[in-house]
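**Student:** Mind having a look at this structure? Questions to follow.
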Amino acid sequence: MRVERIVYAAPGWGSGEGWLTGGRVVELGHPRAAEEDEETSAHPLAQRLAAWFAGTDDAFLDVELELEWCTDFQRALVDALRAVPRGETVSYGELAALAGKPRAARAAGTFCARNRFAILVPCHRVVAADGLGGYGSLGAAFKRRLLALEQR
C-alpha cells in the first residue's frame, strides 16, 4: 500500500509532517521550527492541522488512525485520550482508569511518551499528579503552550 507524506504549516510553531496509508494516519509529528519554509500539502488533514494551531476547535475524531500494532489496553488509552475535551487535563492515573486499568499509570505514561499521533491523540492533555510533567524532547514549555492554545 502506498504511503503518503503530508506537511502542514503552523504559523508561529513551524512545520509538521505526517504519513498516511490507505487513508489512515500512520504517524503525525508536532510542528518544529525550520530554517526554510517547506511547501505544505493540499491534503485536507494538513489544512485542518494548520487551522487547529491557529485556534480552531477540532477533535479530529473522524480521522482514522493505523492502530493494528496496539494492544487492547493501548487502544483503550487512545479512545480515552481522544475523549478528553479540549482545554481539559487528566492525570496519568486518571487516564489509566479511564482506559480500564486504574493501577497502570506508569504504562499510560509510557504510552504517552511513545505517542506517534501528535494532536490526534492529545497526550499534551495528560499531566503528572503533582504538576505539569514533561513532554519528551519538546519539553514542558511546548506542552504549556499547547494547553494555553486550547484555553482560547
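**Student:** Would it be correct to say that D58 is closer than 24 Å to Y8 by Cα and of a type outside the set (S, T, Y)?
**Tutor:** yes
**Student:** Sort through R144, R152, R103 and tell me the only one that's closer than 25 Å to A51 by Cα and not in a helix (DSSP H, G or I).
**Tutor:** R152
**Student:** Still on this structure, I have one more. Restricting attention to segment 88-99, does a residue exist that is buried (at least 16 other Cβ atoms within 10 Å of the Cβ), within 14 Å of the chain's Cα centre (by Cα), modelled with pLDDT of 95 or more and not in a loop (DSSP other than H, G, I, E, B)?
**Tutor:** Within segment 88-99, not a single residue is buried (at least 16 other Cβ atoms within 10 Å of the Cβ), within 14 Å of the chain's Cα centre (by Cα), modelled with pLDDT of 95 or more and not in a loop (DSSP other than H, G, I, E, B).
**Student:** Now, a different point. Quick check, is D62 at pLDDT below 95, within 15 Å of the chain's Cα centre (by Cα), assigned to a loop (DSSP other than H, G, I, E, B) and not basic (K, R)?
**Tutor:** no
**Student:** Further question on the same structure: Can G109 be described as assigned to a loop (DSSP other than H, G, I, E, B), touching a residue at least 12 places away in the same chain (Cβ under 8 Å) and closer than 18 Å to R144 by Cα?
**Tutor:** no
**Student:** Which number in (1) of a type in the set (A, V, I, L, M, F, W, C); (2) in contact with a helix residue (DSSP H, G or I) (Cβ under 7 Å, 6 or more places away or on another chain); (3) at pLDDT 95 or above marks the one condition that L20 misses?
**Tutor:** Going through the list (1) of a type in the set (A, V, I, L, M, F, W, C); (2) in contact with a helix residue (DSSP H, G or I) (Cβ under 7 Å, 6 or more places away or on another chain); (3) at pLDDT 95 or above, L20 breaks only (2).
**Student:** May I pose another question? Working carefully through the options A76, A42, A105, find the one that is touching a helix residue (DSSP H, G or I) at 6+ places or on another chain (Cβ under 6 Å) and either more than 20 Å from W19 (Cβ to Cβ) or surrounded by fewer than 18 Cβ atoms within 10 Å (Cβ to Cβ) (or both).
**Tutor:** Exactly one of A76, A42, A105 is touching a helix residue (DSSP H, G or I) at 6+ places or on another chain (Cβ under 6 Å) and either more than 20 Å from W19 (Cβ to Cβ) or surrounded by fewer than 18 Cβ atoms within 10 Å (Cβ to Cβ) (or both), namely A105.
**Student:** On to the next question. Looking at segment 18-57 only, could you name the residues that are closer than 19 Å to R144 by Cα, in contact with a strand residue (DSSP E or B) (Cβ under 7 Å, 6 or more places away or on another chain) and not in a loop (DSSP other than H, G, I, E, B)?
**Tutor:** Matches in segment 18-57: R32, L49, A50, F53.
**Student:** For segment 1-17, name all the residues that are under 16 Å from A51 (Cα atoms) and part of a strand (DSSP E or B).
**Tutor:** I6, V7, Y8, A9, A10, G14, S15, G16, E17
**Student:** Sticking with this one: Taking the stated definitions as given, is D62 within 29 Å of A105 (Cβ to Cβ) and surrounded by fewer than 17 Cβ atoms within 10 Å (Cβ to Cβ)?
**Tutor:** Here the answer is no, as D62 does not meet what is asked.
The values are calculated or read from the model by the stated rules, or taken from the named source; none is laboratory data. Fair warning: this is a prediction, and the values are worked out from it, not measured in the lab. Glycine gets a Cβ as well: all are built from the backbone with ideal geometry, and neighbour counts include every protein chain shown.
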